[in-house]
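Following: one structure in C-alpha cells, then a few remarks.
The values are calculated or read from the model by the stated rules, or taken from the named source; none is laboratory data. On a predicted model such as this, the values are computed, not experimentally measured, just so you know. Using ideal geometry, Cβ is built from the backbone for each residue, glycine included, and neighbour counts are taken over all protein chains shown. All accessible areas refer to the heavy atoms of the entire protein, side chains included, with ligands and DNA or RNA removed. Shrake-Rupley method; radii C 1.70, N 1.55, O 1.52, S 1.80 Å.
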Amino acid sequence: REKHDLYPLAIHDNYLINLASAHEETRAKSIAAFRGELERAIAIGAEYLVAHPGNYKGQTVEQGILHFLQGVAEASQGLTFGRLMLLIENAVGAGAQLGGRLEELHVMREYGSQMTDLPIGFCLDTCHLLTAGFDIAQADGLETTIADAERLLGLENVRVIHANDSKAPLGSHIDRHENIGQGYIGLDGFG
C-alpha cells in the first residue's frame with residue numbers, strides 16, 4: 001500500500017455471500033464468511049469493504065433488508081473496526097435482488113446504524129445504475145441520478161464508484177460489465 005500509494009484501500013467481499021437469504025443454512029454460512037471478510041479487511045487496514053446486499057427470494061423486500069442488516073450486525077459483533085467502513089453496492093435489481101433502488105440502500109444505512117457500530121456508506125456501480133433504469137449515459141439522466149443519490153443517500157456517503165460500462169441496455173436488469181467506452185454508457189456517457 002505504501003509503496004504504490006493505495007489510499008483509500010477498497011476491497012470487495014465474496015460474491016457468494018447472501019446475508020439477505022431466507023434459507024437458514026445459506027444465511028449462517030454467509031454470516032460466517034462475511035465475518036471472515038471483515039476480519040481480513042481490518043487486518044490489512046482497508047478503509048472500505050464493498051458488499052452486495054443479496055437476494056431476498058422467498059420473502060418480502062423488508063424481510064430481506066432485515067436479514068441483511070441482522071447478518072451484518074451478527075458478523076461484526078465484537079470487532080474493532082478502526083477506519084473500516086462497509087460500503088453497500090447498488091445492484092441491477094433483477095428478480096429478488098436487493099439494492100436496485102436507491103430507497104432500499106437508504107433504508108439499509110438508516111436502520112443499519114441502529115443495529116451495528118460498523119459505519120455504513122455506499123458504492124455505486126455505473127453498469128448497475130444503467131441497467132437498473134438510471135439513464136446515466138445522458139447528461140439529464142446523470143443529473144437526475146446525482147440529485148436522487150444526494151437526496152436519498154447523501155453524496156458524502158458515496159465513497160466509491162465502480163466505473164464500468166454495460167453490455168446490456170438501460171433498464172434491462174442484466175449485470176454484464178463492459179470495458180469503458182465499449183458499452184451502452186459509451187465514451188460520451190463517461191465524458
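Take the residues of region 1-29 that are charged (D, E, K, R) and in contact with a helix residue (DSSP H, G or I) (Cβ under 8 Å, 6 or more places away or on another chain): which is nearest to residue 84 (Cα to Cα)? Of everything passing the filter in region 1-29, 13 is nearest to residue 84 (Cα to Cα).
Of all residues in region 117-171, those satisfying the criterion of being touching a Pro at 6+ places or on another chain (Cβ under 9 Å) and assigned to a helix (DSSP H, G or I) are 130, 131.
With respect to the stated conditions, residue 47 fails to be of a type in the set (D, E, K, R), open to solvent by less than 20 Å² (accessible area, probe 1.4 Å), touching a residue at least 24 places away in the same chain (Cβ under 8 Å) and within 20 Å of residue 156 (Cβ to Cβ).
Out of everything in region 97-119 that is in contact with a strand residue (DSSP E or B) (Cβ under 8 Å, 6 or more places away or on another chain) and open to solvent by 10 Å² or more (accessible area, probe 1.4 Å), what residue ends up being farthest from residue 56 (Cα to Cα)? Reasoning before the result, please.
Kept after step one, since they are in contact with a strand residue (DSSP E or B) (Cβ under 8 Å, 6 or more places away or on another chain), are these residues of region 97-119: 97-99, 105, 108-109, 112-113, 118-119.
Retained after the next criterion (residues that are open to solvent by 10 Å² or more (accessible area, probe 1.4 Å)): 97, 109, 113, 119.
Numbers: 97: 6, 109: 17, 113: 21, 119: 23 Å.
Here the residue is 119.
No other residue among 153, 170 is out of contact with any strand residue (DSSP E or B) (no Cβ under 7 Å at 6 or more places or on another chain) and at negative phi apart from 170. When 89, 104, 62 are checked against the criterion of being without any contact (Cβ under 8 Å) to a residue 24 or more places away in the chain and out of contact with any Phe, Trp or Tyr (no Cβ under 6 Å at 6 or more places or on another chain), a single residue qualifies: 62.
Restricting attention to region 52-63, does a residue exist that is within 30 Å of residue 172 (Cβ to Cβ) and of a type in the set (Gly, Ala, Ser)? Within region 52-63, one or more residues are within 30 Å of residue 172 (Cβ to Cβ) and of a type in the set (Gly, Ala, Ser).
Counting only residues that are of a type in the set (D, E, K, R) and more than 19 Å from residue 27 (Cβ to Cβ), which one in region 46-86 is modelled with the lowest pLDDT? Checking each candidate, the answer is 83.
In region 177-191, the residues that are open to solvent by less than 50 Å² (accessible area, probe 1.4 Å) reach residues that are assigned to a loop (DSSP other than H, G, I, E, B) and modelled with pLDDT of 95 or more with C-beta atoms within less than 6 angstrom, at least six apart or across chains, in these pairs: 178/167; 183/167; 185/137; 189/137.
Within region 1-29, count every residue that is in a loop (DSSP other than H, G, I, E, B), of a type in the set (Ser, Thr, Tyr) and open to solvent by less than 80 Å² (accessible area, probe 1.4 Å). Full working, then the answer.
So the first thing to find is which residues in region 1-29 are in a loop (DSSP other than H, G, I, E, B), and the list is 1-9, 13-23.
With the extra rule that they be of a type in the set (Ser, Thr, Tyr), the set shrinks to 7, 15, 21.
Cutting the leftovers down to open to solvent by less than 80 Å² (accessible area, probe 1.4 Å) gives us 21.
Number satisfying all stated conditions: 1.
Scanning region 122-159 for residues that are touching a residue at least 60 places away in the same chain (Cβ under 8 Å) and surrounded by fewer than 19 Cβ atoms within 10 Å (Cβ to Cβ) yields a total of 1. Remark: residue 88 falls outside the filter, which requires a residue to be of a type in the set (Val, Ile, Thr), within 29 Å of residue 176 (Cβ to Cβ) and assigned to a loop (DSSP other than H, G, I, E, B). Anything in region 52-90 that is open to solvent by 10 Å² or more (accessible area, probe 1.4 Å) and hydrophobic (A, V, I, L, M, F, W, C)? List them, or say none. 61, 65, 66, 73, 79, 81, 85, listed by residue number.
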